[in-house]
1. Of the residues A:S52, A:S56, A:S48, A:S26, which is under 30 Å from A:V306 (Cα atoms) and small (G, A, S)?
2. Taking the options B:L165, B:L128, name whichever one is away from chain A (no Cβ under 12 Å), outside any helix (DSSP H, G or I) and either in contact (Cβ under 8 Å) with a residue 12 or more places away in the chain or surrounded by 18 or more Cβ atoms within 10 Å (Cβ to Cβ) (or both).
3. Here is a check on your reading of the model: is B:I87 away from every other protein chain (no Cβ under 13 Å) and either closer than 26 Å to B:K214 by Cα or β-branched (V, I, T) (or both)?
4. For A:I341, are the conditions met, namely being more than 14 Å from every other protein chain (Cβ to nearest Cβ), within 25 Å of A:A269 (Cα to Cα), within 34 Å of the chain's Cα centre (by Cα) and not small (G, A, S)?
5. Among the residues that make up region A:288-298, is at least one of them touching a residue at least 24 places away in the same chain (Cβ under 8 Å), away from chain B (no Cβ under 14 Å) and crowded, with 19+ Cβ neighbours inside 10 Å?
6. What's the number of the condition A:S48 fails, among (1) crowded, with 20+ Cβ neighbours inside 10 Å; (2) among the hydroxyl-bearing types (S, T, Y); (3) closer than 21 Å to A:V346 by Cα?
7. Pull up region A:254-285, narrow it to residues that are touching a Leu at 6+ places or on another chain (Cβ under 7 Å) and surrounded by 17 or more Cβ atoms within 10 Å (Cβ to Cβ), then point me to the one that is nearest to A:R12 (Cα to Cα).
8. Can you name every residue in region A:85-118 that is closer than 23 Å to A:V42 by Cβ, in contact with a Lys or Arg (Cβ under 8 Å, 6 or more places away or on another chain) and surrounded by fewer than 21 Cβ atoms within 10 Å (Cβ to Cβ)?
Amino acid sequence: MKFLPYILKHLRRSWVRTASTVLAMSVCIFLFCTLRTFVEAVTWNLQSAKSSLLVSRHAVSLVFNLPLAYKERIAALPGVRGVAATNWFGGTRRPNDFKDFFPNFAVQVEDYLPMHPEFILPEDQRRAFLEDRRGCIVGRRTAERFGWKIGDTFQLESFIPPYRIGKPFEFVVRGIFDTDLARFPGTDTTAMFFQWKYLYEATGQRIGVGTYVTEIADPSQATAISRAIDGLFDNSDAQTKTETEAAFRAGFVSLAGNLALLLNGIALAVMFTILLVTANTMSMATRERRTEIAVLKTLGFSSGRVMGLILAESAFLGACGGAVGILLGSVMIRALPSLPIIGDAVRGFPNLGLSAMIAALGFGAALLLGLLAGFVPSVLAYRSRITDMLRQV
Amino acid sequence: MAMVELQQVRRVYRRDTQEITVLDGIDLSVPEGEFVALMGPSGSGKTTLLNLIAGIDRPTSGSVRVAGTDVAQLSESALARWRSRSIGFIFQFYNLIPVLTAVENVELPLLLTRLSRKDRRERAVTALKVVKLADRASHYPRQLSGGQEQRVAIARAIVADPKVLVADEPTGDLDARSAEEILALMETLNREFHKTIVMVTHDPRASQRAHTQKHLDKGVLREGA
């Protein structure tokens, strides 16, 4: 610590260079944090996918529904505990206005809720939901977002043609569910669920089932049972594609391409550039101070200590850049949902926020970049001879 | 007892395949409390000899004993520790750290000790008082004259209370009046603080202040009056 004032004074000597290096580093860490947060948000609810749940959809595309009759046949397979029909409703509060969007599903509640203990709902609210055809349950975050309380009513209109009936669907909030993220990490509390029968009847009993969620007794049998389900409908008009819930959700993420690879690639490229910029700064700073390094060594500073001082200076630059970058990232991530265009895209993410883990990773990366940038100049200072450095003055 | 004892010291530099003998069989003995001036033309090996005594260079052969330590036998880190305790170095161009104030420059060698921040500062101020610059403690080198900068450099050299002071042309970059002040200060350090001083100089007036003068010529030491 007694060398800290010495390090700070050196950084202040060329404050424009120091400030621009810190700024460059902070932009790098800001991008790293923002991109990592985005990847985490996209893949967040993969964590809550259960290996005991299988999802069957139309083999051609999710756009096509499956016949209702499939449920009984799937349920009859050995090893199957339960089957629930679910349909992605795609409802918005105002037609085609996605500013207030939140995920909403029609589900066969009696079968679906027992498969999902992560949705924690008081018993009286569960009963009220089951008894009300127009009833729905909403996650805590969505309820808080719109100020909804038990008994409140609201309307949604779907953008999916078969679910458009010329007027909005009306719902009554019968329950607000929470979760325990320690036990059920990745659980989405922005979602809303309502009775599948309500959708079925309101659309004139013309719709099919978007996906069947199947609970199996033994997760190690997931592949065999998936094959068995698909085998049941091999010769039908509506063949199925069955996979684990994790694979099903990962398929959605991959629709946007290999997002993680792309974003990580961008972050890595930026980091490498900043490494070169910071290394250049440190090299210049060290070259300018050859005489001072010689003087320090003459005064009795060991080569290791001189190397340590340069590395500490470099790491300090990294730490400052990291701290500013994390701050910028935190502000930007908070502001993202309110931005035009991009806000619409990210508002639906259930867990958009700079996590402590990503912030720590960002800070660690900044420190590492700082140390790497200072490595070569510090080694040169370590190896340099006093007499050579004094002679070059 | 000799404070500085050199026996058959040779220093040879290699430039590609060529060998250049800078010092050739130097024998030198400087008693404790002595003030020695090393003189000689450019390229005669004065600074090289001074660097060997200060432990910032190593001889090719021969032995260099300073303050009872065989300098050539120490490892790099042990040599650095030894320098911090035993040697005060005064450069021709002062070589103060420009971003540090006078008192911070003087305090620099004490960062290597276990002294508290308060004690370090007290000692640095005391050293500045010795060189009569306590009132300029908070000034940066750019705010001082050449003579004042050299006095700060001398304060830095003596702050850790080393046994030996080595000075490489300490008046070489100063006007006559400032040079006189510096030489008077060095005399005081030798006389009142009993520092052994080895000074390289071109200036005959400066050498007159020393007790003895030694002349180097083409790497060979000759006694001089």
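The values are calculated or read from the model by the stated rules, or taken from the named source; none is laboratory data. Keep in mind that this is a model prediction, so the values were computed, not measured. As a convention, Cβ positions derive from the backbone with ideal geometry for all residues, glycine included, and neighbour counts pool all protein chains shown.
1. Details: A:S52 fails: under 30 Å from A:V306 (Cα atoms); A:S56 fails: under 30 Å from A:V306 (Cα atoms); A:S48 fails: under 30 Å from A:V306 (Cα atoms).
Just one listed residue meets the conditions, A:S26.
2. Unique residue meeting the criteria: B:L165.
3. Answer is no for this residue.
4. Spelling it out, it is not the case that A:I341 is more than 14 Å from every other protein chain (Cβ to nearest Cβ), within 25 Å of A:A269 (Cα to Cα), within 34 Å of the chain's Cα centre (by Cα) and not small (G, A, S).
5. Taking every residue of region A:288-298 in turn, none turns out to be touching a residue at least 24 places away in the same chain (Cβ under 8 Å), away from chain B (no Cβ under 14 Å) and crowded, with 19+ Cβ neighbours inside 10 Å.
6. Here A:S48 clears every test but (1).
7. If we take residues in region A:254-285 being touching a Leu at 6+ places or on another chain (Cβ under 7 Å) and surrounded by 17 or more Cβ atoms within 10 Å (Cβ to Cβ), then A:T278 is nearest to A:R12 (Cα to Cα).
8. A:F98, A:K99, A:D100, A:F101, A:E118 - these are the residues of region A:85-118 that are closer than 23 Å to A:V42 by Cβ, in contact with a Lys or Arg (Cβ under 8 Å, 6 or more places away or on another chain) and surrounded by fewer than 21 Cβ atoms within 10 Å (Cβ to Cβ).
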